[in-house]
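The structure appears right after this line, and notes come after that.
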Amino acid sequence: MSERKRARNNGKANERVIHLKPPERMKIPRQQPIEKEPDYRVCNFEEVSDGFDVNLASEEALRCLECKDPVCMKACPVNIDIRAFIRLIYKKDYDSAIKKIRESNYLPAICGRVCPQESLCENVCLVGKRNEPLAIGKLERFVADYELKNGNFSPPEIKENKGQKVAVVGAGPGGLTAAADLAIRGYEVTIYEALHEAGGVLKYGIPEFRLPKHIVDAEVDRVKALGVKIETNVIIGRTLTIDELFDEMDFEAVYIGTGAGSPRFMNIPGENLSGVYSASELLTRVNLMKAYKFPEYDTPLKIGNRVAVVGGGDVAMDAARTSARLGPEVVNLFYRRSREEMPARIEEIHHAEEEGIHFHLLTNPVEIFGDENGWVKAIKCQKMELGEPDEEGRRRPVPIDGEYITMDADTVVIAIGQSPNPIIQQTTPGLKTTDWGTIIVDEIGATSREGIFAGGDISRGGATVIEAVSDGKRASRSIDEYLTEKKAVLKT
Amino acid sequence: MYPVISKTTIAPGISRLEVEAPLIAKKRKPGNFVIVMPVEKGERIPLTIVESDPENGTITLIVQAIGKTTHIINKMEAGDHFIDVVGPLGEPTPIKNVGTVVCVGGGVGTAVIYPMAKALKEAGNRVIGIIGARNREMVILKNEMADCSDELHITTDDGSYGLKGFVTDALAQVIDENKTIQSVYTTGPLPMMKAVAEQTRKFELHTMASLNPIMMDGTGMCGACRVSVGGELKFTCVDGPEFDAHKVNFNELIQRNKTYFNQEKKSLDAYNEKCKTRGANV
């Protein structure tokens with residue numbers, strides 16, 4: 001294509017840029033990312049997937065059909081202009097590609113890795129009707145990594161200083177996104193984080209081998225580059241209250257993105273034996289506190305020879321794969337429904353199987369046995385079968401009378417979900433919550449208290465990183481409107 | 001960064017540190033604790049806030065060198081700093097004027113009972129203090145406890161100071177002599193708190209124990225500090241640290257606290273070895 005023609009195409013969103021004809025594009029197979037071999041990776045915490053290199057990314061970008069009506073963009077919770085950034089990858093203009101993504105998502109290196117693209121953008125991709133869908137997530141990650149490696153980041157220009165202060169509670173994906181968005185809109189933003197490092201679940205929850213912590217730090221630095229202040233070791237509700245933020249510290253709006261940090265247990269006998277962990281404890285010890293590097297790092301963790309993980313979500317997969325890297329002979333995973341109902345990402349289930357995790361489906365733990373020293377020695381599970389679908393359409397597990405299995409285990413990890421942390425709800429008068437303890441928000445992310453907005457797991461109960469990001473963006477728009485109106489009222 | 005303003009050694013292996021943490025000092029109530037991490041690559045550990053000075057923005061911590069982290073803290077001097085201090089954590093001690101109360105502290109647990117005793121005294125209670133230690137030189141906060149107690153009993157295991165025996169021996173005597181005790185508060189090693197609970201149970205004396213389980217984040221996020229209280233699952237960091245001692249499953253907690261015994265020993269041995277070879281503070 002001539003330079004002139006290419007230049008002309010730049011101005012017209014609907015004109016195709018990629019030189020191949022659609023049927024030719026459809027013939028190209030989906031590119032596979034470079035991944036470490038299971039036997040190698042199960043011995044360490046290195047990132048499993050190295051993603052795409054320039055060649056793979058270029059080849060993959062050729063597969064995009066450049067649809068007139070890009071359904072992928074609509075399926076994306078933050079509506080990234082996917083077609084546009086893929087065209088920019090095609091043109092090898094990676095700096096512009098990442099800028100284009102950052103317009104909609106300020107955490108691309110993170111979302112490119114952990115977002116469940118297969119059920120969002122890639123699920124609706126038209127290429128996927130006849131072939132495997134475009135690897136949108138891997139392409140997002142590629143340009144984000146390219147930017148990190150080549151250091152071509154420059155923060156977006158902040159056009160005006162609004163002169164109003166906004167506090168964000170929680171430096172997880174939602175809080176970081178809201179803070180970045182508000183800073184770009186010209187607000188003075190401070191994030192308060194309870195832990196000693198920023199990142200929230202990206203730091204304490206998601207393992208190094210899926211999301212290296214230096215990537216999280218790099219994205220956090222990009223948020224700081226916008227002038228956002230991050231105060232760690234501050235628990236809102238304990239160190240400071242939300243009312244103090246308003247009354248004594250001149251904040252005019254607050255965004256709550258404190259996540260779902262409180263681990264659920266099964267309430268079965270033996271759950272308090274030594275050697276029984278919540279997945280949150282296991283993962284926090286390893287991810288945030290680096291227990292896998294003990295004794296170089298001081299936080300210990302004891303993983304025995306036979307690990308039993310309970311649950312079927314992403315956290316259960318993370319717990320199983322993390323345990324596997326700490327040297328046990330076997331890791332068994334127990335899930336009470338069948339494989340089809342597992343809430344974990346397919347990619348993660350696949351990775352877990354590759355790494356030798358033994359799945360025991362349709363089995364539900366009912367008791368944990370201990371030895372004379374109070375240590376776990378076995379786990380007893382009831383066999384289940386699938387009954388009628390529940391409200392969400394998932395078939396309900398029903399116990400099979402009298403059918404049990406008992407397996408040896410010296411470590412048990414409970415990964416059946418987390419509940420919202422109640423500290424803010426308890427210390428903020430007038431903040432309405434559901435019976436499950438989540439904060440009630442309306443369609444714009446506003447809570448029952450004026451000036452307080454919330455999103456992510458604290459209002460959804462349990463969701464994904466990208467939903468938290470999406471909520472953070474929604475709240476930042478709402479906060480902008482709220483504060484703009486407030487200022488206008490004050491002036492009149 | 002949280003600077004150490006002053007440090008004194010109050011008994012062999014036990015030091016008292018005043019640490020700058022203005023937001024925490026302002027909010028702290030008796031019964032609250034902090035989670036501290038002294039150094040990079042360190043461990044997060046819980047410590048009771050013994051006193052706070054909101055005007056100067058400082059909190060007082062008392063630390064006994066037991067594992068690696070507490071050894072590191074014990075070697076800190078004025079001018080050093082903790083890299084992380086977060087709090088105030090936990091539910092404060094409910095302080096009411098109920099009449100006569102007994103405050104039983106054992107070992108370094110005396111540093112936990114003292115702020116409770118002080119607050120109970122200030123609320124108008126008649127406070128009977130009982131503190132115990134291995135021997136004379138390990139007795140801590142004797143004067144402070146005397147100041148806030150109407151009656152103070154001190155016990156040592158070897159009889160080198162006060163009554164020879166355990167805090168439970170003094171408690172037996174106190175219960176015998178005082179028929180109007182409303183509440184007993186106890187902090188110290190788990191077997192001691194268990195023994196106190198067993199003793200007061202016979203008299204149906206309401207007893208609160210401040211528990212010291214394994215803890216990591218201190219905000220209800222990990223569940224490491226879970227305990228069974230009256231058959232219910234409780235997180236010490238957010239639901240406690242004080243619970244009805246007659247309902248606490250102490251045996252379970254004693255077992256759970258042994259979880260990392262081997263690792264803790266390994267960590268401390270390696271640290272001591274390093275200190276020896278360098279011949280200086282590490």
Single match in A:LYS383, A:LYS432, A:LYS377 (criterion: modelled with pLDDT of 95 or more, assigned by TED's automatic domain parsing to the domain that holds A:SER323, over 26 Å from A:THR322 (Cβ atoms) and of a type in the set (Lys, Arg)): A:LYS383
Please tell me if A:THR411 is assigned by TED's automatic domain parsing to the domain that holds A:ALA468, crowded, with 16+ Cβ neighbours inside 10 Å and in contact (Cβ under 8 Å) with a residue 60 or more places away in the chain. no
Could you tell me whether the stretch B:190-211 includes any residue that is within 14 Å of another protein chain (Cβ to nearest Cβ) and either part of a helix (DSSP H, G or I) or at pLDDT below 95 (or both)? yes
Among the strands (runs of 3 or more DSSP E) lying completely within the stretch A:328-430, list those that include at least 2 residues that are aliphatic (A, V, I, L, M). A:330-335, A:363-370, A:376-389, A:395-408, A:411-414
Could you please find all residues in the stretch A:348-382 being closer than 17 Å to A:ALA319 by Cα and touching a helix residue (DSSP H, G or I) at 6+ places or on another chain (Cβ under 8 Å)? A:GLU348, A:ILE349, A:HIS351, A:ALA352, A:GLU354, A:GLU355, A:GLY356, A:ILE357, A:PHE359, A:LEU361
May I ask you to verify whether A:ASN123 is in a loop (DSSP other than H, G, I, E, B), more than 19 Å from A:ILE230 (Cα to Cα) and more than 14 Å from chain B (Cβ to nearest Cβ)? no
In the stretch A:268-284, which residues are more than 7 Å from chain B (Cβ to nearest Cβ) and either of a type in the set (Lys, Arg) or open to solvent by 10 Å² or more (accessible area, probe 1.4 Å) (or both)? A:ILE268, A:PRO269, A:GLY270, A:GLU271, A:LEU273
Candidate set from the stretch A:243-267 (those that are hydrophobic (A, V, I, L, M, F, W, C) and in contact with a helix residue (DSSP H, G or I) (Cβ under 7 Å, 6 or more places away or on another chain)); member that is farthest from the other protein chains (Cβ to nearest Cβ): A:ALA253
Within the stretch A:443-492, how many residues are out of contact with any Leu (no Cβ under 6 Å at 6 or more places or on another chain), small (Gly, Ala, Ser) and part of a helix (DSSP H, G or I)? 7
Those residues of the stretch B:232-282 which are within 30 Å of B:PRO94 (Cβ to Cβ), more than 10 Å from chain A (Cβ to nearest Cβ) and without any contact (Cβ under 8 Å) to a residue 24 or more places away in the chain, in sequence order: B:LYS234, B:LYS247
Can you give me the ranges of the strands (runs of 3 or more DSSP E) entirely in the stretch B:1-115 with at least 1 residues that are of a type in the set (A, V, I, L, M, F, W, C) and buried (at least 18 other Cβ atoms within 10 Å of the Cβ)? B:2-11, B:14-20, B:33-37, B:45-48, B:58-64, B:84-89, B:100-106
Of the residues in the stretch A:199-226, those that are among the small types (Gly, Ala, Ser), surrounded by 17 or more Cβ atoms within 10 Å (Cβ to Cβ), touching a residue at least 60 places away in the same chain (Cβ under 8 Å) and away from chain B (no Cβ under 12 Å) number 1
How many residues does the stretch A:181-198 contain that are of a type outside the set (A, V, I, L, M, F, W, C) and either in a helix (DSSP H, G or I) or more than 14 Å from every other protein chain (Cβ to nearest Cβ) (or both)? 5
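The values are calculated or read from the model by the stated rules, or taken from the named source; none is laboratory data. Every value quoted in this text rests on a predicted model; they were computed, and no experiment measured them. Every residue, glycine among them, receives a Cβ derived from its backbone with ideal geometry; neighbour counts consider all protein chains shown. SASA here: full protein model, heavy atoms, side chains in, ligands and nucleic acids out. Shrake-Rupley method; radii C 1.70, N 1.55, O 1.52, S 1.80 Å.
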